[in-house]
Amino acid sequence: MTQEQWTAVDRYFTDLLVPPDPALDRALQTSATAGLPPHNVSPNQGKLLLLLAQIQRARSILEIGTLGGYSTIWLARALPSDGRLITLEANPKHAEIARTNIAHAGLSDIVDLRLGKALSTLPQIAAEGHGPFDLIFIDADKPSNPEYFAWALKLSRRGSLIIADNVVRNGAVIDANSNDPSVHGVRRFNELLASEPRVSATAIQTVGSKGYDGFAIAIVTADE
Ligand code: SAH
Ligand code: DHB
Ligand code: MG
């Protein structure tokens, strides 16, 4: 199996199940034109995030890692009109592009984008009394995943859903001797999922237009 086949099959499902959408298409286009890294989730993965948020009947969502707002738009669309999504982004250029994309999608009233390193903005969000969130999507700098998981738990309730992107990293996740800080962060995160008694988790490997990677999905099974 090759990347070419994964991409072709991804496109087959996207063409069937993910109709073209002006706001989402624009988010991808402005992100690419501005030279943002192509690290947004794929269209099929965005749809998966939407479905998971809908299954969860989410009213409040926390996203760590906004980029151009592509996954943000998918997730925010699962929310009712009085729902709330807080998304955290450290890069001012990414944040600016995301803001225009979110506005263009008509989601500015629902989405609250916080500029700053997530490990600085997360304590502020907690201090402001936000949370518990119904769904938390972790998709920023991978070395910080263990800390993000601790914050996700802090900002959860029994039944909250925690999703993390990029937990396979082209298979590098199984290399215990890797000295890639991202692999290290993801492995530590996976180990925390395994040892934390307050969550029940699994991970699924994915292939597609974004290569070979995967999502971890955890449900919080206990209040604090
Ligand atoms: N969720 C997006 C992709 C996010 S890519 C999507 O699927 O569309 C990861 C993002 O995390 C980048 O925009 C990067 O600037 C941001 N990031 C990196 N380190 C961060 C940090 N410490 N705090 C907040 N955001 C960070
Ligand atoms: C990277 C980050 C992501 O969030 C992603 O989906 C793909 C790649 C990266 O940092 O390489
Ligand atoms: Mg990602």
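For every other residue with a beta carbon closer than 13 angstrom to the beta carbon of D112, add +1 if it is Lys or Arg and -1 if Asp or Glu, then tell me the sum.
That sum, taken over residues with Cβ under 13 Å, equals -1.
Which percent, to the nearest 5, of DSSP beta bridges fully inside segment 3-220 are antiparallel?
45
Could you check the spin-label model distance between L17 and K117? Points 7 Å from the Cα along Cα→Cβ, value in nm.
3.9
Would you mind getting me the FRET efficiency between H39 and A222? Use the beta-carbon distance for r and R0 = 41 Å, nearest 0.05.
0.80
For the chain, calculate the relative contact order in percent as a whole number, restricting contacts to Cα pairs under 8 Å that are 6 or more residues apart.
19
Enter the accessible area of H104 (Å², nearest 10), with the probe set to 1.4 Å and all protein chains included.
100
Would you rank E4, E191, E63 by solvent-accessible area, highest first, keeping every protein chain in place and using a 1.4 Å probe?
E4, E191, E63
Where does the charge balance sit around G211 when Lys and Arg score +1, Asp and Glu -1, over other residues with C-beta under 11 Å from its C-beta?
Every neighbour counted, the sum reads 0.
Give me the net charge of N190's neighbourhood, meaning all other residues with Cβ under 14 Å from the Cβ of N190; Lys, Arg count +1, Asp, Glu -1.
Charge balance near N190 sits at -1.
What distance in nm separates the two pseudo spin-label positions at R59 and Q3, each 7 Å out from Cα along the beta-carbon direction?
Inter-label distance under the simple model: 4.5 nm.
May I ask you to derive the FRET efficiency for D25 and K93 from their Cβ-Cβ distance with R0 = 25 Å, giving the value to the nearest 0.05?
E between D25 and K93, to the nearest 0.05, is 0.75.
Which whole-number value in Å² is the accessible area per residue of segment 3-220, probe 1.4 Å?
47
Explain nothing, just the number: dipole magnitude of the chain about its Cα centre with +1 on each Lys and Arg Cβ and -1 on each Asp and Glu Cβ, in debye rounded to the nearest 20.
About 200 debye.
How large, in percent, is the carbon and sulfur part of the accessible surface of the chain at a probe radius of 1.4 Å?
54
The values are calculated or read from the model by the stated rules, or taken from the named source; none is laboratory data. On a predicted model such as this, the values are computed, not experimentally measured, just so you know. Heads up, the Cβs are rebuilt from the backbone with ideal geometry, glycines too, and the neighbour counts pull from every protein chain shown. Only protein heavy atoms, including side chains, enter the accessible area calculation; ligands, DNA and RNA are left aside. Shrake-Rupley method; radii C 1.70, N 1.55, O 1.52, S 1.80 Å.
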